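Below is one structure, written out as structure tokens; comments come after it.
The values are calculated or read from the model by the stated rules, or taken from the named source; none is laboratory data. Please read these numbers as outputs of a predicted model, since none were measured by experiment. Counting neighbours? That spans all protein chains shown, and the Cβs are built from the backbone with ideal geometry, glycine included. Side chains are part of the model used for accessible areas, which takes the heavy atoms of the whole protein and leaves out ligands, DNA and RNA. Shrake-Rupley method; radii C 1.70, N 1.55, O 1.52, S 1.80 Å.
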Amino acid sequence: YFILYKPKDIVSGDFYWFYRNKNQTFIAAIDCTGHGVSGGFMSMIGNALLNEIISKQKIVEPAQILENLNQQIKIALKQDEKGNDDGMDICLCLIEKQDEKSSKLTFSGAKRPLYYFKQESQMIETLKGDVKSVGGKQYKNRPFTEQELILNKGDMIYLTSDGLADQNDVNKRKFGSTRLKEMLNQYAYLSMNEQKKLLEKALEKHQ
């Protein structure tokens, strides 16, 4: 794996999260409302609640984790009373090993997609998240949904916030999700470390 993490401020509204539960591995990339201290505060709340939902409440289904997180954030920030609309967008995956060569991945997304690369197709593909954030104002009470993938040896997954795709250059042009997917498709056959270096180089050049 690699982690490309370059917060704008000392504390960040984006964070990554990992939890191991016996034969289950949970990973997530989370994009919280705000930057600096307010974003960092939301990151602390999100991290603590995710750990509690799995370790204490024993909820392990990704869609149910997001539903529960949504309710807990509303309670923690008293959003029904105070009109606070802070929230977070999340790409959440549960990975369960099937045998020596394959794993089952269950994905649930709150306004964030999951990018994946299959050795069979040699192509970056996308699982779209639900059009619904965790926390904040919601005009339609739709439940979070789940999608499943079987991953074989050599397949790759990419979890992101919108930080890289939305990064501006000096002329206020964004890096763009299309360009990001094209680069991932081009680099997917390289080692994790090489992929990270090439993405960092492209980001620095763009900035």
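For every residue, the table says whether it meets (1) in a helix (DSSP H, G or I); (2) more than 19 Å from Asp31 (Cβ to Cβ); (3) modelled with pLDDT of 95 or more; (4) not charged (D, E, K, R).
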residue	(1), (2), (3), (4)
Tyr139	no, yes, no, yes
Gly163	no, no, no, yes
Lys181	yes, no, yes, no
Lys197	yes, yes, yes, no
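This table checks each residue for (1) open to solvent by 10 Å² or more (accessible area, probe 1.4 Å); (2) aromatic (Phe, Trp, Tyr); (3) closer than 30 Å to Leu190 by Cα.
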position	(1), (2), (3)
Tyr5	yes, yes, yes
Ala28	no, no, yes
Thr33	yes, no, no
Ile59	yes, no, no
Asn68	yes, no, no
Gly83	yes, no, no
Asp86	yes, no, no
Asp89	yes, no, yes
Ser102	yes, no, yes
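Consider only pairs whose beta carbons are under 6 Å apart and that are at least six residues apart or on different chains; among these, list those whose first residue lies in segment 110-126 and is more than 30 Å from Asn68 (Cα to Cα) and whose second residue is exposed (fewer than 14 other Cβ atoms within 10 Å of the Cβ) and modelled with pLDDT under 95.
Partner pairs satisfying both residue conditions: Gln119/Gly154.
Among the residues in segment 131-148, are any surrounded by 19 or more Cβ atoms within 10 Å (Cβ to Cβ) and touching a Ser or Thr at 6+ places or on another chain (Cβ under 7 Å)? Lay out the reasoning, then the answer.
Keep residues of segment 131-148 that are surrounded by 19 or more Cβ atoms within 10 Å (Cβ to Cβ), which gives 132-135, 144.
Remaining after also requiring touching a Ser or Thr at 6+ places or on another chain (Cβ under 7 Å): 144.
The answer is yes; a qualifying residue exists.
Anything in segment 159-174 that is hydrophobic (A, V, I, L, M, F, W, C) and touching a residue at least 60 places away in the same chain (Cβ under 8 Å)? List them, or say none.
In the first step, residues of segment 159-174 are kept if they are hydrophobic (A, V, I, L, M, F, W, C); the result is 159, 164-165, 170.
Residues satisfying the conditions are Leu159, Leu164.
Pull up segment 154-174, narrow it to residues that are of a type in the set (S, T, N, Q) and loosely packed, with under 14 Cβ neighbours inside 10 Å, then point me to the one that is farthest from Phe18 (Cα to Cα). Walk me through how you get there before you give the answer.
If we filter segment 154-174 for residues that are of a type in the set (S, T, N, Q), which is where we start, we get 160-161, 167-168, 171.
Those still in the list that are loosely packed, with under 14 Cβ neighbours inside 10 Å too: 168, 171.
Working: Asn168: 29, Asn171: 36 Å.
Looking at residues that are of a type in the set (S, T, N, Q) and loosely packed, with under 14 Cβ neighbours inside 10 Å, I get Asn171.
Of everything in segment 111-130, what is touching a Gly at 6+ places or on another chain (Cβ under 6 Å) and either crowded, with 21+ Cβ neighbours inside 10 Å or within 18 Å of Asn152 (Cβ to Cβ) (or both)? Give them in sequence order.
Within segment 111-130, Arg112, Gln119, Gly129 qualify.
So Pro143 passes all but one of these: (1) touching a residue at least 40 places away in the same chain (Cβ under 8 Å); (2) on the phi > 0 side of the Ramachandran plot. Which condition number does it fail?
(2)
How do the pairs read when you match residues in segment 175-195 that are under 13 Å from Tyr1 (Cβ atoms) and open to solvent by less than 40 Å² (accessible area, probe 1.4 Å) with residues anywhere that are of a type outside the set (Val, Ile, Thr) and assigned to a loop (DSSP other than H, G, I, E, B), using Cβ under 8 Å and keeping only pairs 6 or more apart or on different chains?
Partner pairs satisfying both residue conditions: Gln195/Phe2; Gln195/Ala188.
Does segment 4-41 hold any residues that are touching a strand residue (DSSP E or B) at 6+ places or on another chain (Cβ under 9 Å), touching a residue at least 60 places away in the same chain (Cβ under 8 Å) and farther than 22 Å from Glu61 by Cα, and which are they?
Within segment 4-41, Asp14, Thr33 qualify.
Restricting the search to segment 94-129, which residues are in contact with a Ser or Thr (Cβ under 6 Å, 6 or more places away or on another chain), of a type in the set (D, E, K, R) and within 30 Å of Ile75 (Cα to Cα)?
Listed by number, the list holds a single entry, Lys111.
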